[in-house]
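Encoded as structure tokens, the structure appears first; notes follow it.
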């Protein structure tokens, strides 16, 4: 029997209307690693350029050849064992299976897509959901506590390989990665350069302000 994915949310659990068994096996819940992360040298040369290869641009699979593996949009390695991307779809599943994904850090408040839930269930992938709204003006702000909890899961090697994603993999994902970089002692210049690389022309000043003011003092 395949392992059921553990669904962790900061708000309500995913609705039972998905008809997917998300019963938690408490004996399989991993304890959080409380060790301090090793600082990573803040060099953007070591950051992989995000993928722009989309499902619609994928060439047809010739008969008799190996299956083409398509990463989700904006897929990139953050650090060993941690990835980031936009919302994966069905055509990305073989790629995610190939990299041996063990956990997903889902940052949107909406219920996770049925196909994605089913893929995770079949492959024993845990889902940590943090229902974060986009950091848009005037009154919507990212809760700092949700970011702290998400980083705690990212730093736990028992969850690796883990992939962070929101919708496009730009803003909410960019904020979380930016705050993670602060725990790794990156400079703000390097953090913002990485954020802008993914956000492109849609940089949000509130995102950058949140990252700048984020304090990792109480972070594990």
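Observations on the structure shown:
- Filtering 147, 132 for residues that are assigned to a loop (DSSP other than H, G, I, E, B), closer than 12 Å to residue 172 by Cα and either at pLDDT 95 or above or touching a helix residue (DSSP H, G or I) at 6+ places or on another chain (Cβ under 7 Å) (or both) leaves a single hit, 132.
- Qualifying residue in the range 102-121 (condition: surrounded by fewer than 17 Cβ atoms within 10 Å (Cβ to Cβ) and more than 30 Å from residue 68 (Cβ to Cβ)): yes
- In the range 200-220, the residues that are modelled with pLDDT of 85 or more reach residues that are in a loop (DSSP other than H, G, I, E, B) and surrounded by fewer than 18 Cβ atoms within 10 Å (Cβ to Cβ) with C-beta atoms within less than 7 angstrom, at least six apart or across chains, in these pairs: 206/137.
- Among the residues of the range 189-213, those that are touching a helix residue (DSSP H, G or I) at 6+ places or on another chain (Cβ under 8 Å), over 19 Å from residue 148 (Cβ atoms) and surrounded by 15 or more Cβ atoms within 10 Å (Cβ to Cβ) comprise 190, 192, 194, 197, 198, 199, 203.
- Answer residue from the range 168-190, given it is free of Cβ contacts under 8 Å to residues at least 40 places away in the same chain and outside any loop (DSSP other than H, G, I, E, B) and is farthest from residue 154 (Cα to Cα) among those: 189
- Scanning the range 84-98 for residues that are out of contact with any helix residue (DSSP H, G or I) (no Cβ under 9 Å at 6 or more places or on another chain) and either within 21 Å of residue 152 (Cα to Cα) or surrounded by 15 or more Cβ atoms within 10 Å (Cβ to Cβ) (or both) gives a single hit, 95.
- Pair list, Cβ < 8 Å and 6+ apart or interchain, from the range 88-112 residues that are touching a residue at least 40 places away in the same chain (Cβ under 8 Å) and at positive phi to residues that are in a loop (DSSP other than H, G, I, E, B) and surrounded by 15 or more Cβ atoms within 10 Å (Cβ to Cβ): 100/161
- Some residue of the range 149-166 being under 15 Å from the mean Cα position of the chain (by Cα) and at positive phi: no
The values are calculated or read from the model by the stated rules, or taken from the named source; none is laboratory data. Please read these numbers as outputs of a predicted model, since none were measured by experiment. A quick note on method: Cβ atoms are made from the backbone with ideal geometry, for glycine too, and the neighbour counts reach across all protein chains shown.
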